[in-house]
Each structure stands twice: as C-alpha cells, then as structure tokens.
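Notes to accompany the following structure.
The values are calculated or read from the model by the stated rules, or taken from the named source; none is laboratory data. Remember, it's a predicted structure, so these values are computed and weren't measured experimentally. Cβ placement follows ideal geometry from the backbone for every residue including glycine, while neighbour counts extend to all protein chains displayed. Heads up: the accessible areas ignore ligands, DNA and RNA and are worked out on the full protein's heavy atoms, side chains in. Shrake-Rupley method; radii C 1.70, N 1.55, O 1.52, S 1.80 Å.
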2 protein chains.
Amino acid sequence: MSDKIISPFFGQHNHAHCTQEALEQAEVSCAGKGLKLTALRKEVLTIVWQTHKPVGAYDVLEELRTRGHKPSPPTAYRALDFLVHAKLIHRLASLNAYIGCPAPDEGHQGQFLICTQCKSVAEIEDLRIIKAIDATAASTGFNANRQSIEITGLCGACESQT
Amino acid sequence: MSDKIISPFFGQHNHAHCTQEALEQAEVSCAGKGLKLTALRKEVLTIVWQTHKPVGAYDVLEELRTRGHKPSPPTAYRALDFLVHAKLIHRLASLNAYIGCPAPDEGHQGQFLICTQCKSVAEIEDLRIIKAIDATAASTGFNANRQSIEITGLCGACESQT
DNA sequence: CACCTTTTTGTTATAGTATTACATAACAGT
DNA sequence: ACTGTTATGTAATACTATAACAAAAAGGTG
Ligand SMILES: [Zn+2]
Ligand SMILES: [Zn+2]
Ligand SMILES: [Zn+2]
Ligand SMILES: [Zn+2]
C-alpha cells in the first residue's frame, strides 16, 4: 500500500480516546528520548489535542488563562517549540497554527489535508509523494531535508452537506 | 516525462533576461484576463523579480521607499495580493514571503525547493506529486483545491561548497 | 544536606507580519 | 461634465513571534 492515512479525522469519533492515546504516547516517547514532558508542556499538549482543528499560540495562551495560569507569549511558544522538536505536534505554516501528531514515533514529515469549511485537519503519509519529492530533488541536485505539504480543500463530510 | 523544472535557478544565469521575460509575460497575461497591471503593481512585480530569493512585504515597502514612494503596509499587501491572484507571483507560507512565478499562464500550483544556505528558491511542477495528492485526496473523499508544497534543503551549488 | 550547574519558567519589552476602516484620487462609461 | 467603480493614500490597530534578563526548579556531587 503506497499511502497511509494517519489521522482520518473528518467526522465523528471517540475523541477522548484520541487525546488519551496521544498523551500516553507522549509520555512513552519522551521517556525514551530523555526529554522532560513537564506539567506545563503536558498541559499545552492537552490543549492542542482538544480538537482536530489547528490551534494558534495565542489560543493556547487564552486556554492556559482559563486554567489558572497567567502566561505571557514566550510561555506558549516555548512549550509549543518543545512539542514540535519532540515531534509530538506539527506546525502548519499556512495557518500559523499547531496540531497534534497522532503518530509521533514514526519520524515522518507531516502532510496535511485542511478543510476550509469545518477547519479540521487530517494528517497523512503518502509514500508516493515522498518518493516523488526525493526523485525530483535528486534530479536537480537538491538535497531535501524538510517538507511542508499542506493541502487545502473540502473534506467529504463538508462536501456532502452542500 | 513526469516532472518538469520550471525555474532551476540555483546558480549563475542571465537574470536580466528572467526579469524582462517575467514583465513581458505579465503584460500579456493581464491583458488577456482583463486585469489592470498598474504602474504600482508593475513596480512591485519588478521588485519581487530582482532576485530568485523570496521577498517579504516589508522588503517591498523598503524598496518602494528607495524609489521615491512613501508607502504604508496596505500599499505593499494590496499589490502583492493582486499579483498573487493574477498568478504572477506565489506566496511562500513557510517564509512569509513572495517569489515571482516564471510560468504564470500554466495554471499550476507551486512546488518549491528552498535552499537554506543561499536562500534561493526554485519552482517545480512534478506531476507525480500532483497525482499522488489527487489520489490520496480521492481515497479519503477529500476535495483538494489548493496545495502548498515547500521543500527545504541545500541546493547542489551550496552543497558542493561544503 | 549544602553547593553548584543546567534547565525550565516568569516577566517585560519589542520586533515582525498583516488587516481594518475610511479618505482621496484615478479611471471608465455615459 | 456626471457617475459609479476601482485603485491608492493614510492612520490606526490586530495578530504573530522573539529577545533579553530574572527567578525558580531540577539534578548531580562531595
Ligand atoms: Zn479525535
Ligand atoms: Zn470539513
Ligand atoms: Zn534569474
Ligand atoms: Zn543554495
């Protein structure tokens, strides 16, 4: 199979399960890499995982405030940067926002399907895309090391509501 | 041939020719579509085409100032938005910057190779990537209408200097 | 434990990117 | 010339992100 859908989360599902599993994976992953998933970082990760919609840094700040913290921007950005480097979340450049990664230990680069209607984002990993990029890069002598692939459109659920 | 390099501009070439051709194509393209390429818009397009490096909106403002204008941010953003909609330039979301499109009439979506060393950007159009995306989108019921594909790495010229 | 080093978090200020709202000017058709 | 439309000018503001330094917490060592 040449493509794999990591998070096909356009539509109904048991989201409490998503969040719980993400947190458990995060604990294991950080322990394995010697990274410290502090209380603050875990709380930010929980906030990011509240939905499958991307969350901005200032959304995180706002949410932290409702939880009793009095954070300044660096607090959110530092936690988010940690989570990005730990590969627990991804940053969506086209939206200036972050989204939880459902498969943090696979060392993948994110490829994202962004629904303009419901704002949900699904992460995919399509080996054909990766191979096509590697092949093109190689043919031009370009040495690729990071990909930002963000596809915008309408998810099936939203399209059928039209 | 499944992939096509639109602008393989990592390295030496006659750049005056790039700029001149881009401006001529812009005139023709706008005339054909009934779009008005005003003096200001043409000047901004020229600024964007000064190099193959992406140019930020505030870079454009700065450059307009050296040319005798006294512009405010909306002046630059409006001209850049026009040029994006006219498909004469592309916006690189991962850099908050703009770059000239060397093939404005082909109705393509940009795919970009961004060199972190020399900052140059090449635009490519790889049909395998597009097909892979369409196939994945179709298989999930996702209706894609815009792609943002930005590959970061080292161009051949920069890598051989290491 | 007391001490030192490193990492994390708090705090203030500021830099960088982009848009809103409204006024004026240029343009196109009558 | 008159009128509606599009483009540009201008001022203010909103949104996104980082720098610089202080304080606190965590971890290791004797
Ligand atoms: Zn879920
Ligand atoms: Zn949707
Ligand atoms: Zn050139
Ligand atoms: Zn280079």
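Please find, among A:Leu80, A:Leu95, the residue that is under 30 Å from B:Ala137 (Cβ atoms), hydrophobic (A, V, I, L, M, F, W, C) and open to solvent by 70 Å² or more (accessible area, probe 1.4 Å).
Every option except A:Leu95 fails the conditions.
Mind telling me which of the residues B:Val84, B:Val48, B:Val60, B:Val44 ends up being within 14 Å of chain A (Cβ to nearest Cβ), within 16 Å of DNA strand D (Cβ to nearest atom) and in contact (Cβ under 8 Å) with a residue 12 or more places away in the chain?
Step by step, each of B:Val84, B:Val48, B:Val60, B:Val44 is checked, and only B:Val84 is within 14 Å of chain A (Cβ to nearest Cβ), within 16 Å of DNA strand D (Cβ to nearest atom) and in contact (Cβ under 8 Å) with a residue 12 or more places away in the chain.
Suppose the filter is in contact (Cβ under 8 Å) with a residue 24 or more places away in the chain, away from DNA strand D (no atom under 16 Å from the Cβ) and aliphatic (A, V, I, L, M); does A:Leu35 pass it?
Criteria not met by A:Leu35.
Yes or no: the range B:93-115 includes at least one residue that is more than 18 Å from the chain's Cα centre (by Cα) and within 21 Å of B:Phe10 (Cα to Cα).
Checked against the condition, which is being more than 18 Å from the chain's Cα centre (by Cα) and within 21 Å of B:Phe10 (Cα to Cα), the range B:93-115 yields no hits at all.
Output the residues belonging to the range B:41-59 that are within 11 Å of DNA strand C (Cβ to nearest atom) and open to solvent by 60 Å² or more (accessible area, probe 1.4 Å).
Once the filter is applied, which keeps residues that are within 11 Å of DNA strand C (Cβ to nearest atom) and open to solvent by 60 Å² or more (accessible area, probe 1.4 Å), the range B:41-59 yields B:Tyr58, B:Asp59.
Output the number of the condition that A:His52 fails; it satisfies all remaining conditions of (1) assigned to a helix (DSSP H, G or I); (2) touching a strand residue (DSSP E or B) at 6+ places or on another chain (Cβ under 8 Å).
Every listed condition holds for A:His52 apart from (1).
With A:Ala22, A:Ala16, A:Ala93 as the choices, which residue is within 14 Å of chain B (Cβ to nearest Cβ) and among the aliphatic types (A, V, I, L, M)?
Residue meeting the stated conditions: A:Ala93.
Looking at A:Glu62, A:Glu106, which one is open to solvent by 50 Å² or more (accessible area, probe 1.4 Å), acidic (Asp, Glu) and at pLDDT 95 or above?
Only one candidate qualifies: A:Glu62.
Out of all the residues in the range B:140-157, is one or more more than 10 Å from chain A (Cβ to nearest Cβ), surrounded by fewer than 16 Cβ atoms within 10 Å (Cβ to Cβ) and free of Cβ contacts under 8 Å to residues at least 60 places away in the same chain?
No, the range B:140-157 has no match at all.
Scanning for something at pLDDT 95 or above, on the phi < 0 side of the Ramachandran plot and over 13 Å from the mean Cα position of the chain (by Cα), does the range A:48-58 turn up at least one residue?
Scanning the range A:48-58 turns up at least one residue that is at pLDDT 95 or above, on the phi < 0 side of the Ramachandran plot and over 13 Å from the mean Cα position of the chain (by Cα).
Could you grab the pairs with beta carbons closer than 6 Å, sequence gap of 6+ or different chains, first residue in the range A:11-28 and free of Cβ contacts under 8 Å to residues at least 40 places away in the same chain, second one assigned to a loop (DSSP other than H, G, I, E, B) and more than 16 Å from ligand 3 (Cβ to nearest atom)?
Filtered contacts from the range A:11-28: A:Thr19/A:Trp49.
Only one residue in A:Ala86, A:Ala93, A:Ala137 is under 30 Å from B:Cys155 (Cα atoms) and within 16 Å of ligand 4 (Cβ to nearest atom), so which one is that?
It is A:Ala137.
Is it the case that the range A:126-135 has a residue that's at the interface with chain B (Cβ under 10 Å from one of its Cβ atoms), under 30 Å from B:Gln161 (Cβ atoms) and within 12 Å of the chain's Cα centre (by Cα)?
no
Out of the residues in the range B:116-139 meeting the condition of being touching a strand residue (DSSP E or B) at 6+ places or on another chain (Cβ under 8 Å) and under 21 Å from A:Gly11 (Cα atoms), tell me which one is surrounded by the most Cβ atoms within 10 Å (Cβ to Cβ).
B:Ile133
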